[in-house]
Amino acid sequence: MKQFIWFNLIAFTMVSVSRLIIVPFDHINISIANYIWLPMGAAILAPLLFGFKTFPGVVLGYFLATFITKGGIWEVIHIYSYMGKFIDSLAPIVSIMLMRFFHLSDFFDSGKANYAHIMFLVVLSSLLATLAKVFVYPMHGKIIEDPVLFVQSYTASDILGGIVFIYIALKLFAPKLIKEKLI
Amino acid sequence: MVESMGHIDFSNGNLLFLPMGAAILSYLLFGYGVLPGVAIANTLIGYTLWNNWFGNGFEGFSGHVIIGSLAPIIAIQMMKSFGLSQFFKDKSINYRHVIFVVLLTALLNTFGKFSLFYGILQEDIDIVNFMSTYLIGDILGSFVFIYAAVKLSALLEKR
């Protein structure tokens, strides 16, 4: 139980902090993504290192950051933002499960990160997250003005942010993670 | 073969798009060198059966032939580059990896075609319909074609 709370707390901090530090790069139009969406990396790294039980921590981290940045809950645009963040939390888990099911996952090998597989996971998570958002967000309404730009910018930002976050986090914390036998 | 199941324009995909499976299997078996063959076959279908890509001309050609022929190559090459490809094992097909390449191809093909077609085609595109029909069509068609082709070749080999 103590480990569960500890891991979720780390996931919560990773996601909320990584979201808040990229606020200056946010676009006023929701059709255009923040081009370096670091929280995607945090949302991927948390289940990768600590298991799927970190899902609540990731979701709460996203929700808190969204609440701080958007400043509301009940307006239509806010509801879609929260739904989008729920998708962003779920997509990495679905991708990891998919890769494991198809015997395509070898993310860590005796203390070394297998960047090829991790990068593939980032790409897959980004594609699935964007696809799910296409089905959830109202594409013909006033909220998403340009669906093509939406698809392209959300995919690119998730991939870029995911790779940057994971690379930096693994470089900085590799000794600690090896010591804790997490990789 | 599946023409009667198709739609009369590009706004909805054919729900059993067997040619995608044929393209994937061709690249897996014979390498990327068969790209001209796949592209010519796609061009013939689009120009003759689909009446110049339902009247969309070059835009229709770009989406159907260029993206449709290149999506499987990009997916296979992505899996190879990331060290994730073992499509054949001990002279038999590794279905897990092949299914995965089908899923990835369908995703890339759908996103690619949507990015190109949206706003330039003559007909209106409903994004949810477009994405779901193209995805399902590519995935289902590829599964059916590859499974049938492998089973048929095994049967012929036995005889």
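The values are calculated or read from the model by the stated rules, or taken from the named source; none is laboratory data. Note that the structure is predicted; figures quoted are calculated from it, not measured. All Cβ positions, even for glycine, are placed from backbone atoms using ideal geometry, and neighbour counts span all protein chains on display. For accessibility, only protein heavy atoms count, side chains too; no ligands or nucleic acids. Shrake-Rupley method; radii C 1.70, N 1.55, O 1.52, S 1.80 Å.
Only one entry of B:Ala22, B:Ala71, B:Ala41 meets the criterion of being part of a helix (DSSP H, G or I) and buried (at least 19 other Cβ atoms within 10 Å of the Cβ), and that entry is B:Ala71. Scanning the stretch B:117-137 for residues that are open to solvent by less than 40 Å² (accessible area, probe 1.4 Å) and in contact with a Gly (Cβ under 7 Å, 6 or more places away or on another chain) yields B:Phe117, B:Thr133, B:Tyr134, B:Gly137. Is at least one residue of the stretch B:96-116 more than 14 Å from every other protein chain (Cβ to nearest Cβ), surrounded by fewer than 19 Cβ atoms within 10 Å (Cβ to Cβ) and either in contact with a strand residue (DSSP E or B) (Cβ under 8 Å, 6 or more places away or on another chain) or free of Cβ contacts under 8 Å to residues at least 12 places away in the same chain (or both)? Among the residues of the stretch B:96-116, not one is more than 14 Å from every other protein chain (Cβ to nearest Cβ), surrounded by fewer than 19 Cβ atoms within 10 Å (Cβ to Cβ) and either in contact with a strand residue (DSSP E or B) (Cβ under 8 Å, 6 or more places away or on another chain) or free of Cβ contacts under 8 Å to residues at least 12 places away in the same chain (or both), which makes the answer no.
Kindly provide the set of residues from the stretch B:44-68 that are open to solvent by 40 Å² or more (accessible area, probe 1.4 Å) and aromatic (Phe, Trp, Tyr), ordered by number. The answer is B:Tyr47, B:Phe54, B:Phe58, B:Phe61. The set of residues in the stretch A:132-150 that are at the interface with chain B (Cβ under 10 Å from one of its Cβ atoms), assigned to a helix (DSSP H, G or I) and surrounded by fewer than 21 Cβ atoms within 10 Å (Cβ to Cβ) comprises A:Phe135, A:Val136, A:Val148, A:Leu149. Highlighted here are the helices (runs of 4 or more DSSP H) found entirely within the stretch A:34-111 that include at least 1 residues which are more than 20 Å from A:Lys133 (Cβ to Cβ), within 14 Å of chain B (Cβ to nearest Cβ) and not aliphatic (A, V, I, L, M): A:76-101. Of the residues making up the stretch A:97-113, not a single one is open to solvent by less than 10 Å² (accessible area, probe 1.4 Å), touching a helix residue (DSSP H, G or I) at 6+ places or on another chain (Cβ under 7 Å) and closer than 19 Å to A:Gly161 by Cα.
Every condition in (1) acidic (Asp, Glu); (2) in a helix (DSSP H, G or I); (3) at pLDDT below 90 is met by B:Glu123 except one, and the failing one is (2).
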